[in-house]
1. From the cross-link list K57/K157; K22/K87; K35/K57, which pairs have alpha carbons spaced over 21 Å apart?
2. Can you send over the solvent-accessible area of S39, 1.4 Å probe, protein chains only, in Å² to the nearest 10?
3. Show I83, I99 ordered by accessible area, largest first, where the area counts protein heavy atoms only and the probe is 1.4 Å.
4. Among T101, T131, what's the order by accessible area (1.4 angstrom probe), most exposed first?
5. Return P(r) of the range 49-113 (all Cα-Cα pairs; 10 Å bins starting at 0; whole %; ordered from short to long distances).
6. Extension gain E32-L91, at 0.36 nm per residue separation less the Cα-Cα distance, in nm?
7. Per residue, what volume in Å³ does the Cα convex hull of the range 81-145 take up?
8. In whole Hz, with x marking every Gly and Pro, tabulate ³J(HN,Hα) for the range 75-87 from phi via Karplus 6.51 cos²θ - 1.76 cosθ + 1.60, θ = phi - 60°.
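The values are calculated or read from the model by the stated rules, or taken from the named source; none is laboratory data. Small disclaimer: the values here were computed from a predicted structure and weren't measured. Please note that ligands, DNA and RNA were not included when accessible areas were found on the heavy atoms of the full protein model with its side chains. Shrake-Rupley method; radii C 1.70, N 1.55, O 1.52, S 1.80 Å.
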Amino acid sequence: MFFSEAGARRRTWEASPAEHKKFVEVFKACDEDNKGYLSREDFKVAFVMLFGYKPSKIEADSVMSSKNSSTSGVSLEEFLNIIRKKKEVQLYHNEIRHIFTAFDMHYRGFLTLEDFQRAFRLVAPKLPERTVLEVFREVDQDSDGLVSFRDFEYAMKNGQNEAQPSRSTFGNSGESYKL
């Protein structure tokens, strides 16, 4: 898919020393009995403390099923890895939103063919108009002549998913993110 090849790339995210310290402190605060791991309920509390929302049952199930089988919960190392992956997903989503906003110069919340043409003239001036039209039609999933953020995000992620198969999904609000 041409469009996703030109889009945001997943990047690794590294916690600053202060962030790392905060994550460890949250882990320790939620590991009330000093077990060395977070139970399902402990994990949910830690997640709320860091991200401001309670993980869905599917998210919690995904985390608990991927944990080290030698413990009854998520170790500090596993917890830090989960947080890193979640932060990477947030960074990637923000990059997609930023690119969409750059295309949406009129702040309408959708993109027209003209928006695509203008943006592609700036970033790829030698790209044939026919190719821009094909890309627009590919991204406009419901063929209504408008590209919503959802259409745009799907197009950006679709190529990434083909290039990077995932081991599990993790998201909120019904969104699915690749880890």
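1. Working: K57/K157 24 Å; K22/K87 14 Å; K35/K57 23 Å.
As for pairs spanning more than 21 Å Cα to Cα, those are K57/K157; K35/K57.
2. Counting only protein heavy atoms, S39 exposes about 40 Å² to solvent.
3. These residues rank, largest area first, as I99, I83.
4. On the way: T101 65, T131 35 Å².
Largest to smallest exposure gives the sequence T101, T131.
5. 17, 35, 22, 17, 8, 1
6. Details: separation 59, 0.36 × 59 = 21.24 nm, distance 3.07 nm.
Extending this stretch completely gives an extra 18.2 nm.
7. Given the Cα convex hull of the range 81-145, per-residue volume reads 113 Å³.
8. 6, 4, 4, 5, 4, 5, 5, 4, 4, 4, 5, 5, 5
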